[in-house]
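Handing you a structure now.
The values are calculated or read from the model by the stated rules, or taken from the named source; none is laboratory data. Just so it is clear, the model here is predicted, and its values are computed rather than measured. Here the Cβ positions follow ideal geometry from the backbone for every residue, glycine too, while neighbour counts run over all protein chains shown. These area figures cover heavy atoms from the full protein model, side chains too; ligands, DNA and RNA do not enter into them. Shrake-Rupley method; radii C 1.70, N 1.55, O 1.52, S 1.80 Å.
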Amino acid sequence: MPDSISISPRPGSANDAIKVRGACPHDCPDTCALLTTVEAGVAVKVQGNPDHRHTGGVLCTKVSRYTERSYHPERILQPLRRVGPKGSGQFEAVSWDSALDEIAARLQAIAQRDPQAIAPYSYAGTMGLVQGEGMAGRFFNKLGASLLERTICSAAGTEGLTQTLGGKVGMKVEFFAEARLILIWGSNSIASNLHFWRHVQEAKRRGARIICIDPRKTETAEKCHEHIALQPGTDAALALGIMHELIVHDWLDHAYIESHTIGWPLLRERALLWNPERVAQVCGIPVEQVRALARDYGECFVNGQPAAIRLNYGMQRVRGGGNATRAVACLPALTGAWRHRAGGVLLSSSGMFPVNQAALQRPELRAGRQSRTLNMITIGDDLLRSSSADFGPKIEALIVYNSNPVAVAPDSGKVVQGFAREDLLTVVLEHFQTDTADYADFILPATTQLEHWDVHGAYGHTDVLLNRPAIAPVGQARTNTDIFRGLAARMGFSEPCFLEDDETLCRTAFSHRDGDRINFDELLDKGFATLPGPDAPFAEGRFLTPSGKCEFFSARLAAQGLDGLPDHVPNHETAGTSASYPLAMISPPARNFLNSTFVNVKSLRDIEGEPLLEINAVDAAVRGIATGSVVKVFNQRGSYRVRAEVSNRARPGVVHGLGVWWRKFGLDGTNVNELTSQHLTDLGRGPVFYDCLVQVQLEAESVL
Ligand SMILES: Nc1nc2c(c(=O)[nH]1)N[C@H]1C(S)=C(S)[C@@H](COP(=O)(O)OP(=O)(O)OC[C@H]3O[C@@H](n4cnc5c(=O)[nH]c(N)nc54)[C@H](O)[C@@H]3O)O[C@H]1N2
Ligand SMILES: Nc1nc2c(c(=O)[nH]1)N[C@H]1C(S)=C(S)[C@@H](COP(=O)(O)OP(=O)(O)OC[C@H]3O[C@@H](n4cnc5c(=O)[nH]c(N)nc54)[C@H](O)[C@@H]3O)O[C@H]1N2
Ligand SMILES: [Mo]
């Protein structure tokens, strides 16, 4: 440990500058180690910890400005109670006691009728295991509230990967630097996985070929040797096309297939249906591009060189997202790429972390009571449902934390209608008055990462990180855990687990009956600890599936009446099938926001400018649209007015509504989710944000 770093035993107590070790809480694969400089109890700077190999002392623009967020003039610093009509955003300040007393009393009255009428709504505003579901899980379990399927991001890929490899496991990120070929498949790494991009640059320097597969010509695509701009939702077809060529040219590792896979004869038969001509037609790309991609992949096998795939979320947000993940995840087993530590595929490493969720969330507090499960994607429809045998009780109370559903959930016309219900009790734990907080009955001010303890796994590397509080809570802010402790006490929940402090919860996260899986003293000392594990996880097979093999054919899926093999599953809303809505719209994140977080940080918003719709010159010309024109983007669900940018980032037939802006910054107080649907994916019941047909129409000439 360098001497220059001292750890403050009492946050905010020192007068001299100190540096406090922490972890970035945001929903990003990189999970960086932070060093916060604190002077006289005030955080003055947040930097990347140079000692942490995955962070390497480098932070993204957003988090390097973290103090702007924690000390933001609009931060909510005291509990607020609604005074105006729902959604008007009018509140009065109240004391913590009166807020918590009233909320607890109202929850108790509902719970007496049916606790399932109360629902949590949370996602990954913080990825911390403690401020996430640590104490909240206990509270909702004891209450017997509805369960929530937290599907909004990665559910399709999780299911696809689990059915194929056995879990969210894969290559170690650091070995991408040694790969000979890297496919960046469905990801804008420079924007959303910056520290991975450093390994790509290193590989490039060593002579690797880099290919990006993405409908949008992103900043990442521009820096690769080749960009394959396929039609959204056609990735499985492309993967099957690669398989076709591997078979036809016999670029196959027969020994690996024989020993470590299941279902090869069936997959072979399926893949042979996908000749390059058919693939090119479905994907909307030149046939030679399909052949060349397969050749690049096959040649790595022939030459004994490692081929690595960074599979990401872009391909999952369409109807066939689960199948697409499965198809791509099969490829490394065909060529035995897993034999190399720099070969294989990485979607997410989160399955490698031995988190003890049961010890954190205590499901036994439900005491055998059955509960329904709500899917967070269909919150729009669900808030508008009345009680029925099918649905269960009408939702009467919603407690939102670590999420901004009014901005991020699909089909927001319905979400807003639901949140506007005067008879719904809505409690929002937040830092800011987000679009969701506007609809709250109570806004409870939460601490930021600089002000609380937490412990983090990661989904893009294999280190556990500890976050120590650097400063005392700002204003009257309280930790999420403390807010749930306060509610629990008022509801009469007397189990000792409701009294545990956050440091204890941090220890609990990786504790197991037979011993701790992480050396907590090492975490306290260094701030991070690396999980043990082999460099090449599947070099000798040993997949985590029931068969121990890479399951090309999944008997588990077949048993559910589903296709046991991966296939191309067309979008719910397939391009070319609707005369009214001829354009496919995708809505990937803007680089300087993180989902809807940071939209209110002015210096970052200034970089992004304003909400935009990227449209190709061909589609713009026939509609009389120029850069700067205000356009109406619409479909059967809603409409959204936005400024257009005529751009070669968009391929003809596809428009990009970059997200996720707060609605209140939009021209009409709406955002792109006005157009997206509540349909679900083939596997995992995930969202289909990028499976959305629209029409675009000129509203007004350019007024700049
Ligand atoms: N700066 C920044 N970083 C982030 C986030 C953020 O909002 N901002 N979000 C975080 C979160 S929550 C997540 S889940 C991850 C997401 O991580 P990634 O998936 O790596 O990141 P995205 O930048 O969303 O990249 C998705 C890409 O997929 C493309 N795409 C859209 N449809 C398709 C398709 O059908 N097929 C293919 N092949 N590509 C498609 C989009 O154009 C986009 O470039 O990033 C995290 N990191
Ligand atoms: N159209 C479209 N929609 C999308 C996506 C897309 O690509 N396109 N991406 C989807 C994806 S991948 C995801 S993951 C979801 C993300 O959806 P969310 O997880 O809801 O993410 P955010 O929009 O970042 O909102 C998180 C909120 O949590 C708050 N928060 C942060 N830390 C804390 C804390 O410690 N305590 C409390 N109480 N609050 C905290 C932040 O202030 C912020 O308002 O959005 C999805 N929506
Ligand atoms: Mo996400």
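Would you compute, for the Cα atoms of region 365-404, the largest minus smallest coordinate along each principal axis and list the three values in descending order, in whole Å?
On the principal axes, region 365-404 reaches 31, 26, 16 Å in Cα extent.
Identify, among ASN616, ILE247, GLY186, the residue whose Cα sits farthest towards the positive end of the charge dipole of the chain, taking +1 on the Cβ of Lys and Arg and -1 on the Cβ of Asp and Glu, with the dipole about the Cα centre.
Farthest along the dipole direction, towards plus: ILE247.
Among PHE196, VAL44, ILE262, whose Cα projects farthest towards the positive end of the dipole of the chain, with charges put on the beta-carbon of Lys, Arg (+1) and Asp, Glu (-1)?
Highest projection toward the positive end goes to ILE262.
How big is the accessible area of ASP514 in square angstrom, nearest 10, if you roll a 1.4 angstrom probe over the protein chains?
120 Å²
Here's a follow-up. So what is the relative contact order of the chain, in percent, for Cα pairs below 8 Å that sit 6 or more residues apart?
Taking the mean separation of contacting Cα pairs over the length of the chain, I get 20 percent.
What whole-number value in Å² describes the accessible area per residue of the chain for a 1.4 Å probe?
That works out to 35 Å² per residue.
Projecting each Cα onto the charge dipole of the chain (Lys/Arg +1, Asp/Glu -1 at the beta carbon, about the Cα centre), which of GLY87, PRO445, GLY170 comes out farthest on the positive side?
The residue sitting most towards the positive pole is GLY170.
Starting from the exponent 0.38 and prefactor 2.2 Å, build the expected Rg for region 388-541 from its residue count and divide its actual Cα Rg by it.
Dividing the Cα radius of gyration by 2.2 N^0.38 Å gives 1.33.
So how much accessible area does ILE76 have, in Å² to the nearest 10, using a 1.4 Å probe?
So the heavy atoms of ILE76 present about 10 Å² to solvent.
Where both partners of a DSSP beta bridge lie in the chain, what percent of those bridges are antiparallel, to the nearest 5?
50 percent
Helix-only estimate, please: 222 nm mean residue ellipticity of the chain, summing -39500 (n - 2.57) across DSSP H runs of length 4 or more and dividing by its residues, to the nearest 500.
-7500 deg cm²/dmol
Are there any trypsin sites (Lys or Arg not before Pro) in region 164-208 that are in a DSSP loop and have at most 12 other Cβ atoms within 10 Å? List them by number.
Loop-located and lightly packed - ARG206.
Regarding the chain, what's the average projected area of the Cα-atom convex hull, expressed in nm²?
29.9 nm²
Can you give me the relative contact order of region 583-698 as a percent, contacts being Cα pairs under 8 Å and 6 or more apart?
36 percent
Give me the distance in nm between label points sitting 7 Å out from Cα along the Cα-to-Cβ direction at ARG295 and VAL58, one decimal.
Each label point is offset 7 Å from its Cα along the Cβ direction, giving 3.3 nm.
For region 254-298 and region 638-704, compute the distance between their C-alpha centroids and round to whole Å.
Cα centroid to Cα centroid, the span is 33 Å.
Restricting to Cα pairs below 8 Å that are 6+ residues apart, what does the relative contact order work out to for region 103-168? Please round to a whole percent.
31 percent
What whole-number distance in Å separates the alpha-carbon centres of region 100-154 and region 562-588?
With region 100-154 and region 562-588 each reduced to a Cα centre, they are spaced 34 Å.
Taking one equal scatterer on every alpha-carbon of region 583-698, how large is log10 of I(q)/I(0) by Debye at q = 0.10, 0.21, 0.23 1/Å?
Values, matching the q order: -0.28, -1.18, -1.35.
Hey, another quick one. Given the Cα atoms of region 440-492, and with Rh set as the inverse mean 1/r over their pairs in the Kirkwood sense, what is Rg to Rh to two decimals?
1.08
For the chain, the longest stretch holding no GluC sites (Glu not before Pro) located in a DSSP loop with at most 14 other Cβ atoms within 10 Å is which?
75-421
Let me ask you something else. Past the 22 angstrom mark, what percentage of all C-alpha to C-alpha distances in region 321-406 do you count?
Across region 321-406, Cα pairs with separations above 22 Å total 60 percent.
Extension gain LEU266-ASN648, at 0.36 nm per residue separation less the Cα-Cα distance, in nm?
Value of the extension gain: 133.5 nm.
On to the next question. Once you charge only the Cβ atoms, +1 for Lys and Arg and -1 for Asp and Glu, what is the size of the charge dipole of the chain about its Cα centre, to the nearest 20 debye?
I would put it at about 220 debye.
If you count only protein heavy atoms and use a 1.4 Å probe, how large is the accessible surface of ASP27, to the nearest 10 Å²?
Its heavy atoms expose roughly 20 Å² to the probe.
Dipole size in debye (nearest 20) for region 583-698 around its Cα centre, Lys and Arg Cβ +1, Asp and Glu Cβ -1?
160 debye
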